[in-house]
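Here is the structure we will look at.
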Ligand SMILES: C[S@@+](CC[C@H](N)C(=O)[O-])C[C@H]1O[C@@H](n2cnc3c(N)ncnc32)[C@H](O)[C@@H]1O
């Protein structure tokens with residue numbers, strides 16, 4: 001029967017990619033129900049057969065491409081941990097930039113009404129609600145299964161005050177206005193080859209693809225935003241790094257001012273922001 005250190009070395013050698021060792025540790029920790037730091041302190045411990053079998057099953061699924069976050073059912077996002085499953089996008093580090101920009105627009109202590117369009121696991125809405133307790137956050141999604149995951153996350157994080165609605169973009173909030181609208185919508189072109197690679201193969205296409213040029217959802221979100229914003233309100237939309245110019249144009253045609261695109265850590269255009277003139 002194998003020891004912890006030996007199993008990890010064997011798994012890291014089998015898994016592809018630069019993250020192989022980290023992934024092996026995450027999966028072994030999950031299989032054993034321990035933390036990653038426990039593994040470092042128990043390098044020489046021997047595992048029983050059931051534990052080894054459980055770990056090898058996770059490894060096998062990872063080897064055929066299943067995302068680590070779907071295997072463990074969890075993903076860290078800013079300071080919170082979210083449950084995820086195959087009905088939700090796996091929250092990405094890029095989206096933390098969108099939350100950062102939203103926080104800058106929500107001064108501490110001043111209540112604001114915030115709308116998160118396409119909330120998935122609830123990542124954006126719950127991170128914001130956790131950091132701005134005075135804000136009133138509504139999150140919508142077209143997927144009932146994703147909303148169920150978001151509701152579980154909200155309850156576990158003590159954020160049940162976040163309102164979750166099933167909605168085709170603005171349909172369930174037709175008569176409402178907000179101070180800030182946020183979205184990380186699907187933005188890949190339907191025929192984008194990335195959809196057939198890596199983690200994306202396992203994620204819901206409703207969360208990833210949007211029309212021939214990938215901009216269908218963003219077009220709808222931006223065009224209807226002015227009707228759902230208070231004067232002076234803001235809109236923040238995440239998009240693909242080659243879509244910045246097109247998205248700024250959509251913002252401008254919808255009447256937004258101060259339209260700017262923020263870049264991610266790799267200096268790629270990622271989140272476009274605009275303000276509705278007062
Ligand atoms: C890229 S995912 C983002 C999920 C989450 N906000 C995040 O950043 O991890 C896009 C989300 O939009 C939702 N969606 C797609 N079409 C929609 C529509 N017509 N109305 C509302 N939500 C929609 C998908 O179900 C998915 O959860």
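No lab work stands behind these numbers, since they all come straight from the coordinates. In this text the structure is predicted, and so the values were computed from the model without any measurement. Virtual Cβ from ideal backbone geometry, glycine too; neighbours counted across all protein chains shown.
Tabulated data
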quantity	calculated
The range 118-144 versus the range 19-52: alpha-carbon centroid distance in Å	33 Å
Fully extended contour minus Cα-Cα distance, from residue 278 to residue 161, at 0.36 nm per residue	39.2 nm
Rounded FRET efficiency, nearest 0.05, which uses the C-beta distance separating residue 192 from residue 265 and R0 of 22 Å	0.50
Length added when fully stretched, residue 175-residue 6, from 0.36 nm per residue minus Cα-Cα	54.8 nm
Approximate shape of the chain as ellipsoid semi-axes (Cα gyration tensor, √5λ), whole Å, largest first	38, 20, 16
Compactness relative to 2.2 N^0.38 Å, alpha carbon Rg of the range 154-278	1.12
Residue 64 paired with residue 231, simple spin-label distance in nm, labels 7 Å along Cα-to-beta-carbon	6.0 nm
Relative packing of peptides 5-14, 174-183 - highest average C-beta neighbours within 10 Å first	174-183, 5-14
Fewest-first ranking of 218, 80, 64, using other Cβ atoms within 10 Å as the exposure measure	64, 80, 218
Added length on full extension, which subtracts the Cα-Cα distance from 0.36 nm per residue, residue 148 to residue 46	32.8 nm
Relative contact order of the range 31-135, pairs being alpha-carbon contacts under 8 Å that are 6 or more residues apart, as %	20 percent
Along principal axes, Cα extents of the range 134-194, largest first, whole Å	41, 29, 19
The chain, helix-only ellipticity at 222 nm - DSSP H runs n ≥ 4, -39,500 (n - 2.57), divided by all residues, nearest 500	-11000 deg cm²/dmol
For the chain: relative contact order, % (alpha-carbon pairs under 8 angstrom, 6 or more apart)	13 percent
Principal axis dimensions, largest first and in whole angstrom, of the range 18-78 by Cα	29, 27, 21
Euclidean distance of C-alpha centroids, the range 195-240 and the range 61-116, integer Å	16 Å
Simple spin-label estimate for residue 13 and residue 74 in nanometres, 7 Å along Cα-Cβ	3.0 nm
Antiparallel DSSP beta bridges within the range 53-179, as percent of all bridges there, nearest 5	30 percent
When the convex hull of its Cα atoms is projected in every direction, mean area for the range 98-163 (nm²)	3.8 nm²
Taking only Cα atoms of the range 27-141, radius of gyration then Dmax in Å	18.2, 56
Rough spin-label spacing in nm, given labels placed 7 Å along Cα→Cβ, for residue 201 and residue 253	3.7 nm
Least to most buried among 167, 205 (fewest other Cβ within 10 Å first)	205, 167
Percent RCO, i.e. relative contact order, over the range 136-278, from Cα pairs under 8 Å lying at least 6 residues apart	20 percent
Exposure proxy order (Cβ contacts within 10 Å, fewest to most) of 119, 261	261, 119
Rounded to 5, percent antiparallel among DSSP beta bridges of the chain	45 percent
Label zone at residue 86, where the point sits 7 Å out along the Cα-to-Cβ direction: the range 139-173 residues whose backbone N lies under 19 Å	143-150
